[in-house]
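Working notes, beginning with the structure itself.
The values are calculated or read from the model by the stated rules, or taken from the named source; none is laboratory data. The shown structure was predicted, so the numbers you read here are calculated from the model rather than taken from an experiment. Virtual Cβ from ideal backbone geometry, glycine too; neighbours counted across all protein chains shown.
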Amino acid sequence: MPLWRNLQFQTLWLGASTSTLGVSVADIAYPLTILAITRSPAIAGLFAAVQALGMLLAGLPAGVLADRYDSRTIVIWTESARAIVTGTVAVSLIMGYRSLPVLFAAAVLLGIGQAVKGSAQMLLRSVVPAGQLTQALTQDEVRMNGAALAGPALGGSAPDLN
């Protein structure tokens, strides 16, 4: 069966592509939003530090979680939670509610989600036969690099909050 007909892989790839693009957009959009609110580059840069702190604090518990439970379920729940956090922030900004505590809480939650997802993410080998692994890894690289190219441009094109 050709890789493009492997429904499990294509579903995983599509979900991971969406998630990766969203993270890439958020990595630019959140600091720009904070900069627009506060006019402080230092506070805008603090977003990444808070997100990294969330990843650091969740690292060990995330590994234990990944060892004890089904990786697919963990990734689905984690990515869903991260999408809800990002959607909630987007809706609050659209409605005019601009709160630094909400943005920094989102940073912590997104960091925790990244750590949990990262611990459970080795799903590719479980949905692709060994003979198609090289092709699947190539397609996965296209996903990651495409998001790295498109995400900052999309994140920087957010409307002005002033």
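Reported count of residues in the stretch 63-80, each being touching a helix residue (DSSP H, G or I) at 6+ places or on another chain (Cβ under 6 Å) and within 26 Å of Leu100 (Cβ to Cβ), is 2. Looking at the structure I just gave you, is Thr18 surrounded by 15 or more Cβ atoms within 10 Å (Cβ to Cβ), out of contact with any Ser or Thr (no Cβ under 9 Å at 6 or more places or on another chain) and either assigned by TED's automatic domain parsing to the domain that holds Ala136 or part of a helix (DSSP H, G or I) (or both)? Answer is no for this residue. Put simply, of Leu93, Leu110 the only residue that is within 18 Å of Gly22 (Cβ to Cβ), in contact with a Lys or Arg (Cβ under 9 Å, 6 or more places away or on another chain) and aliphatic (A, V, I, L, M) is Leu110.
Exactly one residue out of Leu46, Leu21 is at pLDDT below 85 and of a type in the set (A, V, I, L, M, F, W, C), and it is Leu21. For the stretch 143-159, the set of residues classified as out of contact with any Ser or Thr (no Cβ under 9 Å at 6 or more places or on another chain) and within 14 Å of Thr18 (Cα to Cα) consists of Asn145 only.
As a summary of the residue check, Gly87 satisfies the conditions (1) surrounded by 12 or more Cβ atoms within 10 Å (Cβ to Cβ); (2) out of contact with any Pro (no Cβ under 7 Å at 6 or more places or on another chain) except for the one numbered (1). Against the definition (charged (D, E, K, R) and in contact (Cβ under 8 Å) with a residue 40 or more places away in the chain), how does Asp70 come out, yes or no? So Asp70 fails the test. Residues of the stretch 42-95 that are of a type in the set (Phe, Trp, Tyr) and assigned to a helix (DSSP H, G or I): Phe47, Trp77. Would it be correct to say that Arg68 is among the charged types (D, E, K, R), closer than 30 Å to Trp4 by Cα and surrounded by fewer than 20 Cβ atoms within 10 Å (Cβ to Cβ)? It is false that Arg68 is among the charged types (D, E, K, R), closer than 30 Å to Trp4 by Cα and surrounded by fewer than 20 Cβ atoms within 10 Å (Cβ to Cβ).
Looking across the stretch 24-60 at every residue that is more than 17 Å from Ala105 (Cβ to Cβ) and aliphatic (A, V, I, L, M), the one that is surrounded by the fewest Cβ atoms within 10 Å (Cβ to Cβ) is identified as Ala42.
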